[in-house]
Each structure stands twice: as C-alpha cells, then as structure tokens.
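Asks: Structure incoming, see below.
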Amino acid sequence: KQTIYLKDYKPFAYVVEDVHLTFALHPTATRVVSRIQFAPTETADGVMFLHGEDLTLISAAIDGEPASYRKVSGGIEVDVPDGPFTWQAEVEISPSTNTALEGLYMSSGMYCTQCEAEGFRKITYYPDRPDVMAPFTVRIESDMPVLLSNGNPQASGDGWAEWHDPWPKPAYLFALVAGELVNHAGQFTTMSGKDVELNIWVRPADINKCEFGMGALIRSMKWDEEVYGREYDLDVFNIVAVDDFNMGAMENKGLNIFNSSCVLASPETSTDANFERIEAIIAHEYFHNWTGNRITCRDWFQLCLKEGLTVFRDQTFTGDMRSHAVKRIDDVITLRARQFREDQGPLAHPVRPESFVEINNFYTVTVYEKGAEVIGMLKRLVGDAAYKKALNLYFDRHDGDAATIEDWLKVFEDVTGRDLSQFKLWYSQAGTPHLHVTDSYDNGTYSLTLRQSHKPSPNQTDKQPMVIPVAVGLLSPNGDEVVPTQVLELTEVEQTFTFDGLASKPIPSILRDFSAPVVLHQDQSDADREFLLANDTDPFNKWESGRMLARDTLLDMIENDAAPNANYLAALDRALNDETTDPAFRALLLALPTIDDLSQEIASKGGTPDPTAIYDARRALRGAIARHCGDTLTSLYKTHQVTGAYVPDAETGGKRALTNAALSLISLLDNGDTARTQYAAADNMTQELAALSALIQIGAAETELADFADRWKDDRLVMDKWFSLQTALCEPQDAAKIADTLTKHPDFDWKNPNRFRSLFGGLISNTAGFHAADGSAYILLTDWLIKLDAANPQTAARVSSAFDTWTRYDEGRKLIIKTQLDRILATEGISPDMAEMVGRMAK
Ligand code: B3K
Ligand code: ZN
C-alpha cells in the first residue's frame, strides 16, 4: 500500500448527483446493486476511478450498455461518456466471513456496517472519499424483521424496506442494519417544533439497558440547540447497539451505530464511569450531525476538523451536565497519560498529519484530544462572544461542504480580524511544547518571564515558536486573589509580563484550567504548592498543586530512595478534610500519577525509567497515605456513603468515587474486611467493582472473582470487566501468566474486540507487569497481535501502540521489544495497518 500526502490532494472529476442501492442480504452471498448518476466536471478526461475492495463484480453498465473497465489496484477504471451518465453495477460480498468488521459484516446474528474511514469500498464500487457527497436511497431485502438505513423511512413491505436520506453525504456516513431487534422508543420536539422519533435498537435481552442512553440522547439534542443553535434535521434518529465493533461508536447520518459497551447501561451492570462515558459518547455522535455530517472533511488529513471540534463540544456538554472542574481534571489526566505519551514517542504526529498509509491508524489521541485542546485555546484567545459568532459563520458558510482547517480558521479571522497564521502551527507542528516560567518581585512590581522550547519529533526537527495562551492569576500570601485570571499570550520564544501595584510578592497560579497543552516547568516550593492546594480559586491548579507534590515525592522516592514527603502527607490529609470541596474533587486528589506518567517524566529528563522501582515507590506511597490519613479515610468512607436507590448522577457518583478511593487505601490496612463487606452488600456495579478491585489489589479476591464470574457469566459486558480487572490489577510478576491463562478461558472470544481489549488492555495498563524484565508479556502480546492481525487488522494495529514507549527503557527491555517488533514485521501477510504502525515504531 502506498503513502498518501496532503499536498497531493486533487478534487474528484465527477459529481455524484444521486445514489440508489439495493441490498439482497445473505450471510455469504449478499448482492448489492448500485445505480449512480454521475456528471463530469471540467477536469474529467473520460476515465473514472472507483474504489472497490474484496468485491465480486457481477455486472457493470453505463446508461444500460455493458461498461468498459479495467481492474486496477484498489478499484476499477471505467471508460465514461463526456456528459452525465448512469452507472449501474451488481457485486457480491460475504458479510459473515468479514472478521475485519469494516464494510458490511455480521455480529451476533445481525447485519451491520462500519464505513468510516474507507469501508464503503468493501460494499460496492464508489468514489469512496469524503469530498464526494450525494443523497442516498436504499432498498433492503431480507427476512430479518428490522431493516434500517440512513435518513427517513420511505416505504416497506414484507421482507423489504426503503430509506431515503435527503442530505448529501459522503459514503463513510452510509449505514445499514438488519436484525432481530427491539427498540426503546423516545421522542424529541425540536426548537422549531418538529417532532423527531428516537429509537435505541438492541437485541431483546438488552432492552432493559436503554433508558439511560435515551435520556442522554435527549439531553444532547437539547444542549446542541441551546448552546450551538443546532437543530436536528430528519424525522427519525436511530441508534443501534452492536457487540462486535472496532471502536466506540459511529455517527452515520440518522443511524448511529454503537459498540454495545458505549450505549447499554443499567445500575446493576454499569459503573458510574460507564454511565458518564456513555453519556459523552452519545453526545459526541449526536453532535457530529452538524460537526462532521452537515459539514464534513474535504480529505482525511482534515480529520481533526470534525473530531477535535466534536470532542471539544462533548467535553463542554459533560461539564455542563456534571462538573466543569472535575471534567477538566479528568480530561487533562487522560491528555497527559495518552497524548503527551504519543507526542514523546515514535508515533508522534501533528494534529493535522501530512501523510499516511492507512488512515485508520490516525484516529489518535493527538487528532481527537489535542485537536480539542486546540479549539479550546482558540476559544480562550478570541473570547466566548467571538467564538459563538465564528461558529455561526462556520455553519452558515460551510453547510453542505467538505471543508478544511483553512476554512475553519478563516471564519475566526473574518469574525475577529486576527491573523491566525502563527496559531495554525498547532495543526502542523507535532510534539508537546515546554513552557518555562521564572518570576521576580521588586518594589510593587511582579514580573513573570515565560519561555517556550520544543523538542524534535519524527520528521520535524526545526520548530517555530507557537501562540500559547497562559491563563494566570495571582494570590497574596494571605490567600486573597489579588489579580484574577487573565490570559497572557506568549508568541515569542521568551516574553516578560509585569503586574504593578502589589503590596507583597504574590504566589502565582500559572496555566489555570490547563489553558494550553504544554509541559509546565516552574520552580515551586512545597510551601507554595501547599498554599495553592489550600487556597487557589482555580480548581484545576488547586488539584495540580497536590498532583505536583505527589509526583515529586514519588520521583524523590524512586531516584533517591527518599521517604515519603511528610509535608505532602499532611497537606493531603488537610485537603481531604476540606468539606467545602466536592467529594469528586477529593477523590481525584487520591489518584496518584501512574507508573506510565512517572516513566514519561523520568524519560523526558533523560533518565531510564525502571517500571519495577516505580511500582514499588507507588506502593510505598500508597501505604504511607493509608497509614498517615487512616482516620480521615475511615471517616470519609463512613460519612460519604450513599444510601437509597442508585442514581448515576454527578453528586452521588462523586461520593462513591471518594469512598471507593478511600476503600482502596483502607484495604491495605484491614486485610480487605471493609471491601469484602461492601462487595457482599453491593446493589450496584460501581460498589461491587470497587470492592472487587480493592480485593484484587491486595491479592485476596479469589472467592469474589469466582462468585462474580458465576453471577455474570451471561452478560458479555460485565464479563469484559472480569477479564480486564484481573490482568490490570494483579501483582506485576503474575500479569503475563494470568493473561495467558485467561486466553484459554472458554469465554475468551478473541475475535470480539471488546474481549480482546479487555484482557490485553488490562495487561498493558498494568505497566510494571507489561514491562516485566523477562519480556514474558511482550512476547505474549506479540503472539496475539499476530494472530488478531490476520482477522482484524484495525484493532490489532491499534493495540500494537502499547509498544510506543519502548525506546524509553533499558537495553535489556529494548532488545526484547525490538525483537518482537521485527517479528511482527517479518510475519508473512501482515496487514498494511500493522506494517505502518510497527514500521513507525521500529524505526
Ligand atoms: N468517527 C468515528 C470513528 C471512526 C474510526 C474509523 N477507524 C467515531 C467518532 O469519532 O465519533
Ligand atoms: Zn467523533
């Protein structure tokens, strides 16, 4: 497969005016008839290329006459007339043997599709590129009782149904579902008074897990009207839950298809975290209706145009539904753990990449989460009012377009008169910028000097200074905020900002709300951190101060064999007792930096992280916190228990988060007595799983693990948790062995992406276990990646990124990993997906 470059973009030479598809469904011999109206543009030259993969072509005609065509790599070249013409083709495909889960495939007896990015070409011959948009009419013939496609239902009868989608769309938004499904119905009246029928379609056994998702959908529809002025545009909105799915969900026009783990929920089977994630994903896919579907991407290099913006929108939505402070902290934890990690390694790439082999490999945290950070910075720089104006202009100007990042930035330039050419570097320059801060105080004037630096990234060595919005507030030593938050714009390598009229040297709170995705370096004393942890009005920096104390004591313990910092333990105890703060916030104070976070930190200073030593230090610090804060933890555990029926809301969820964070530490001291009691009494999955986790972490969960498997053996989503907890939370030295044993469990259905990711995702997250010095986990994962790649390249390639930190480690580990990467590359028939990912890592 060849490399595609952004700079080579050329528009398609034909316009697609209308698409008619007829599907005669059959597990191994589905027939697809396409009737497509094409019209040439000025650049047409009589030969039209259509993508097509794994298709058996039965017939092809142009205006009713047999077509003249040649099969070429990736599709066919067709000789076409000078004027408009009708292309009609019939192909045969085999959904039941499609284990790649891309195109039309079968999952638990139902037919479903996944076309983004380039799956439609596995359904029929077509210009499968996002800048070709057309209205679709679809006829489905099947004896399945429920037949769904995009748009509005048009007609149906015994064994067939027809759907019409009036909104021109690219092929990647096409969807079809056929199955023995039942629906949880709902209704929404839009702001202009149109009634929309809502449905969540599931297998009959799951019908009691739809209510929460329906509520989340309705909240999303309302929010998008209120906050972005965006109304829904069809008579129906359907969601379908599918068990075998390569990702979380897919925003197909009017017919969203979801991984069942991202839509099905009930208090007995889902945790608070599951509920919050489901609400966010339903919102995300719904929000794509405007940011992605009505306005789509010109080409796949522009992916962040829809994904960064839609993530930004769903993050704001979750903040509005729950807590902005807690959501921001959660998002930054993820950004640093995953995106900063990506930036630090061989897979680093810009938010808008410039080349790819397999686009599915670029649905990354950089495109999504850093893409969302870029939108957040833009909003902070122009202000809320200008952001709103710019978005309205974007929707007005580009509705129905396949747009670019240039189009997006232009609306902001037109609305604000600002030149955004330097800001645009956020889209083209890879890597995480470093921000260095020094300060001084002299005679009433406080000066802050900000300096930016950039490390090289793959294929990018010389970097330009970027526009970095740095939100800053100043506190006086008595705790008053003397300078409220203001945004300093760092545009040069180094700049000094001054503040006059201050009676004494202030304590600065820098990068409030994490106003830019950078690594902040500042000389901060323990005393300043303790002060900010107690007094900062910015919740992010309040949390961050505690985080930095925890991080530095861990680094000191790892690097210098130091004892846990007593100042930190005392400050943490005080913060935990501060009843004016949200319990969810206090739960976050108890979340220590992970082993991988600490490895990243050590590596960025030029050191070589030792996962085992880091594991030991974390364990020692957890023990010290449990002992030092024991009374506080026990009392929080008692006083914050939630009573009454389970509700998946932020308020009670925050209390459960706090008591369960306490439980995990209390269990280090009481041999699991409290956890065992909680497990036995639990009437919801949040409490049950927290207790089980605490017991696994102290190696005392044998009875409960058996009980759990016995009670939940018929629930696939709950059994996914059972698989992942064991590999994630066991002692590192047992991890590879436990994972290997679990692969032999009769319920380890490795072709199901959720199950594969549960077991191996758990193992990978057990950092000290995954990086066991003997390489046992590396070898096990590699064996399974090679096996999975033959069936499902997309998921295999995605999981292979577990190795992207390999150059951080010592020679022994590096040698074993490099051997595994080479082993993958040498495997006969390796997929282009895997070859690209592993090739980039092995370089
Ligand atoms: N747009 C899809 C992701 C498609 C991934 C293709 N490999 C889901 C989302 O971002 O909403
Ligand atoms: Zn998305």
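Each value in this text was obtained by applying a stated rule to the coordinates, not by laboratory testing. Since the model is a prediction, treat every value here as computed from it, not as a measurement. We place every Cβ from the backbone using ideal geometry, glycine too, and count neighbours over all the protein chains shown.
Asks: Tell me, what is the Rg over Rh of the chain, with Rh the Kirkwood radius over Cα pairs?
Replies: Result: Rg/Rh = 0.96.
Asks: Could you tell me which trypsin sites (Lys or Arg not before Pro) in segment 698-774 are loop residues by DSSP with no more than 16 other beta carbons within 10 angstrom of their beta carbon?
Replies: Answer by residue number: Lys713, Lys744, Lys751.
Asks: Still on this structure, I have one more. Net charge near Asp513, counting Lys/Arg +1 and Asp/Glu -1 over other residues with Cβ under 15 Å of its Cβ?
Replies: 0
Asks: If packing is taken as the average number of other Cβ atoms within 10 Å across a peptide's residues, how do 604-616, 279-291, 413-425, 209-221 rank, most packed first?
Replies: 279-291, 209-221, 604-616, 413-425
Asks: Kindly provide the helix-only [θ] at 222 nm of the chain, computed as the sum of -39,500 (n - 2.57) over DSSP H runs of four or more divided by all residues, to the nearest 500 deg cm²/dmol?
Replies: The per-residue figure over the chain is -12500 deg cm²/dmol.
Asks: Between their Cα atoms, which of Lys327/Lys843; Lys455/Lys655; Lys253/Lys751; Lys370/Lys818; Lys424/Lys655; Lys1/Lys744 are more than 31 Å away from each other?
Replies: Lys327/Lys843; Lys455/Lys655; Lys424/Lys655; Lys1/Lys744
Asks: Show me the GluC sites (Glu not before Pro) within segment 432-539 that DSSP assigns to loop and that have at most 14 other Cβ atoms within 10 Å of their Cβ.
Replies: Glu492
Asks: Past the 24 angstrom mark, what percentage of all C-alpha to C-alpha distances in segment 1-180 do you count?
Replies: Percent of Cα pairs beyond 24 Å in segment 1-180: 35.
Asks: Same structure, new question: Where does the charge balance sit around Ser94 when Lys and Arg score +1, Asp and Glu -1, over other residues with C-beta under 12 Å from its C-beta?
Replies: With Lys, Arg at +1 and Asp, Glu at -1, the net is 0.
Asks: From the Cα trace of segment 434-516, what convex hull volume per residue do you get, rounded to a whole Å³?
Replies: Hull volume over Cα atoms, normalised by residue count, gives 87 Å³.
Asks: Provide the per-residue ³J(HN,Hα) series for segment 330-344, in order, calculated from phi with Karplus coefficients 6.51, -1.76, 1.60 and θ = phi - 60°, each as a whole number of Hz, with x at glycine and proline positions.
Replies: Karplus-based 3J(HN,Hα) across segment 330-344 equals 4, 5, 6, 4, 5, 4, 5, 5, 10, 7, 4, 4, 4, 4, 7 Hz.
Asks: Any idea which of Leu198, Val182, Pro170 is furthest toward the positive side of the dipole for segment 129-206, if Lys and Arg beta-carbons carry +1 and Asp and Glu beta-carbons -1?
Replies: Pro170
Asks: If you average the C-alpha positions of segment 344-385 and of segment 509-559 separately, how far apart do those two centres end up, in angstrom?
Replies: About 25 Å separates the Cα centre of segment 344-385 from the one of segment 509-559.
Asks: Starting from the amide H of Cys730, placed 1.01 Å from N in the peptide plane, find each other amide H under 5 Å away whose residue is 5 or more places distant or on another chain.
Replies: Amide H neighbours of Cys730: none.
Asks: How are the C-alpha pair distances of segment 296-428 spread across 5 Å bins, as whole percents from the shortest bin up?
Replies: Result, from short to long distances: 2, 10, 18, 23, 20, 15, 9, 2, 0 percent.
Asks: Still on this structure, please answer the following. Just grab the label-to-label distance for Ser68 and Glu579, each label 7 Å out from Cα along the Cβ direction, in nm (one decimal).
Replies: So the two model labels end up 8.8 nm from each other.
Asks: Using +1 at the Cβ of each Lys and Arg and -1 at the Cβ of each Asp and Glu in segment 481-549, identify which of Leu511, Pro539, Pro484 lies farthest towards the dipole's positive end.
Replies: Going by the Cα projections, it comes out as Pro539.
Asks: Work out from phi, with θ = phi - 60° and the Karplus expression 6.51 cos²θ - 1.76 cosθ + 1.60, the ³J(HN,Hα) of each residue of segment 181-192, listed in order in whole Hz, and give x for Gly and Pro.
Replies: 10, 10, 10, 9, 9, x, 8, 9, 9, 6, 5, 9
Asks: Just order 821-830, 243-252 by mean Cβ neighbour count inside 10 Å, highest at the front, would you? The partial results should precede the final answer.
Replies: Values: 821-830: 13.9, 243-252: 22.3.
Output ranking for 821-830, 243-252: 243-252, 821-830.
Asks: How large is ³J(HN,Hα), in whole Hz, for each residue of segment 694-709 in order, when computed from phi with the Karplus curve 6.51 cos²θ - 1.76 cosθ + 1.60 and θ = phi - 60°, using x for Gly and Pro?
Replies: 4, 5, 4, 5, 9, x, 10, 10, 3, 4, 5, 5, 5, 4, 4, 5
Asks: Mind listing the long-range amide H neighbours of Val146? Cut-off is under 5 Å, sequence gap 5 or more, other chains count too, H placed in the peptide plane at 1.01 Å from N.
Replies: Those qualifying (amide H under 5 Å, at least 5 residues apart or on another chain) are Gly179, Leu181.
Asks: Then there's this: Size of segment 172-293 along its principal axes in angstrom, Cα-based, largest extent first?
Replies: Projected onto the principal axes, the Cα atoms of segment 172-293 cover 37, 31, 24 Å.
Asks: Moving to a separate point now. Order the peptides 692-700, 40-48, 395-403, 773-781 from the highest to the lowest mean number of other Cβ atoms within 10 Å of their residues. Before the final figure, lay out each step's value.
Replies: On the way: 692-700: 20.8, 40-48: 12.9, 395-403: 15.9, 773-781: 18.8.
Put in order of decreasing packing, that is 692-700, 773-781, 395-403, 40-48.
Asks: For segment 106-140 and segment 438-503, write down the distance between their C-alpha centroids in whole Å.
Replies: With segment 106-140 and segment 438-503 each reduced to a Cα centre, they are spaced 50 Å.
Asks: Also, I was wondering about something else. Could you compute the net charge surrounding Asp804? Neighbours are other residues with a C-beta less than 10 Å from the C-beta of Asp804; K and R count +1, D and E count -1.
Replies: Residues close to Asp804 contribute a combined charge of +2.
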